[in-house]
Amino acid sequence: MISKVAGSGSISQKVLNLVIYFKNQSNLRYSHTYNEGNAGGWQNGARIALNKKTGDCYIHASVMKLMLERLGLPNYIVQCTDKSHAWNLIKINGVWRHIDSTPTVDHYPNELMTDSRRYQTLQWLHPRDWNRSAYPAAN
């Protein structure tokens, strides 16, 4: 599945292809039904995503974590301090960047983001932030 979805090109392009694939609601629908608390950890969250084809932002981040690891990319699931949103922080070519695979219309662009850009996109809905000291800087 990973080679089919990620396609060819640079590692950055493969990551963006994965994001586009999982943002497509026909591949993985968005639902508030699941969350970190009842997913049972990211591994089970990825299983839920692949089996049920539905999930919230944490489930989307979980399946992205699995796919990014299959590509050999170190990554974390990052959550807002109020746990209202989750996404991935990945290391590509020695640089850390945020990527969000949650299918929303305009709030989470298909781009590799720095910390400042990630913060900016999180402000579109309501003020949110994450514990920056817990993760590598994406500058």
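Just so you know, all these numbers are worked out from the coordinates, no wet-lab data involved. Bear in mind the structure is a predicted one, so any value in this text is a computation, not a measurement. Cβ: placed from backbone, ideal geometry, glycine included. Neighbour counts: every protein chain shown.
Between Rg and the Kirkwood Rh of segment 2-134, both from Cα atoms, what is the Rg to Rh ratio?
Numbers: Rg = 13.5 Å, Rh = 14.6 Å.
Reported Rg/Rh, Kirkwood definition of Rh: 0.93.
Could you line up THR102, THR121, THR114 from fewest to most neighbouring Cβ atoms inside 10 Å?
On the way: THR102 22, THR121 19, THR114 16.
Ordered from fewest to most neighbouring Cβ atoms within 10 Å, THR102, THR121, THR114 come out as THR114, THR121, THR102.
Based on other C-beta atoms within 10 Å, arrange VAL78, VAL15 from fewest to most.
Details: VAL78 20, VAL15 25.
Fewest to most other Cβ atoms nearby, the residues stand as VAL78, VAL15.
Please rank MET113, MET67, MET1, fewest neighbouring Cβ atoms within 10 Å first, as an exposure proxy. Present the calculation step by step, with values, prior to reporting the outcome.
Numbers: MET113 20, MET67 25, MET1 9.
Listed from fewest to most nearby Cβ atoms, that is MET1, MET113, MET67.
Per the helix-only calculation at 222 nm, which mean residue ellipticity applies to the chain, given -39500 (n - 2.57) for every DSSP H run of n ≥ 4 and division by its residues, nearest 500 deg cm²/dmol?
Working: 6 runs with 55 residues, N = 139.
After summing the helix terms and dividing by the residues of the chain, the value is -11000 deg cm²/dmol.
At a Förster radius of 25 Å, what calculated FRET efficiency corresponds to the Cβ-Cβ distance of LYS83 and MET1, to the nearest 0.05? Before the final figure, lay out each step's value.
Values: r = 29 Å, r/R0 = 1.15.
Taking R0 as 25 Å, the efficiency between LYS83 and MET1 is 0.30.
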